[in-house]
Amino acid sequence: MTIALVLMTALALVGAFDTLYYHEYRGRLPARPEAAPELRLHAARDAVYFIVFTTLPWMQWQGALTLLLGLLFITEIVITVRDFVVEDSVRLPQGGVFPGERVTHAVMGVIYGAMLANLVPSMVKWADQPTGIDAVHYALPEWWLLGLILLGVGTLLSGLRDLYAAAGLPGGALPWSSDQVQRTVLHHA
């Protein structure tokens, strides 16, 4: 389980880079009304990651709850696959998805697969336990586990920001202006 948590941390950090650099700074997605479908998918996925990042470092999902955890992982995969399709059409006006962003997504996919490969054996054991949540302490420093919770909270806040921007609510594009969005289209082309 420790390896799964280390991989989860790597996934969260690469995901934070992807969001801050490619979605916010380079793409300025919250300021693009056409990006609303992509932002809604990001918000849904971020909700899944919030649950995973804030619970797995401290507890085991046992019995029938293991199935629920598995469904969360499957949901994340479905959302991500859908996001691959949606972002291609949404980003067409700005010249497509950035090449480096594609590489970042591929790296995240590899990390996610490795994390699941290391997590599933623990989940199989948890499934044989009575249904419930069991507190646990893993062989990682407490600051590391707390860091995962902070990454989970950051992911939730990012998702809420994406949802707010996707709804077209006042200030949802901040800190980006329409001039900055226009420049990224020209710069990306």
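The values are calculated or read from the model by the stated rules, or taken from the named source; none is laboratory data. Because the structure is a prediction, the values reported are computed rather than measured. When we count neighbours, we look across all protein chains shown, and the Cβ atoms used for this are built from the backbone with ideal geometry, even at glycine. Areas reflect the complete protein model, heavy atoms only, side chains present, ligands, DNA and RNA absent. Shrake-Rupley method; radii C 1.70, N 1.55, O 1.52, S 1.80 Å.
Things worth noting here:
- Members of segment 2-15 found to be closer than 10 Å to residue 115 by Cα, in contact with a Leu (Cβ under 7 Å, 6 or more places away or on another chain) and among the hydrophobic types (A, V, I, L, M, F, W, C), listed by number: 4, 5, 8
- Some residue of segment 105-120 being within 16 Å of the chain's Cα centre (by Cα) and open to solvent by 80 Å² or more (accessible area, probe 1.4 Å): yes
- Pairs are defined by a Cβ separation below 7 Å, a sequence spacing of at least 6 or placement on different chains, a first member in segment 65-92 that is open to solvent by 80 Å² or more (accessible area, probe 1.4 Å), and a second member that is not hydroxyl-bearing (Ser, Thr, Tyr); the pairs so defined are 68/61; 82/41.
- No other residue among 40, 28 is basic (Lys, Arg) and on the phi > 0 side of the Ramachandran plot apart from 28.
- Given (1) under 19 Å from residue 159 (Cβ atoms); (2) open to solvent by 10 Å² or more (accessible area, probe 1.4 Å), number of the condition residue 10 does not satisfy: (1)
- Exclusive hit being in contact with a helix residue (DSSP H, G or I) (Cβ under 9 Å, 6 or more places away or on another chain), outside any helix (DSSP H, G or I) and surrounded by fewer than 20 Cβ atoms within 10 Å (Cβ to Cβ), set 96, 100: 96
- Residue check for residue 47: among the small types (Gly, Ala, Ser), within 20 Å of residue 6 (Cβ to Cβ) and assigned to a helix (DSSP H, G or I): no
- Within segment 37-52, tally of residues that are farther than 23 Å from residue 68 by Cβ and open to solvent by less than 10 Å² (accessible area, probe 1.4 Å): 2
- Residue tally, condition assigned to a loop (DSSP other than H, G, I, E, B) and among the aliphatic types (A, V, I, L, M), over segment 53-78: 1
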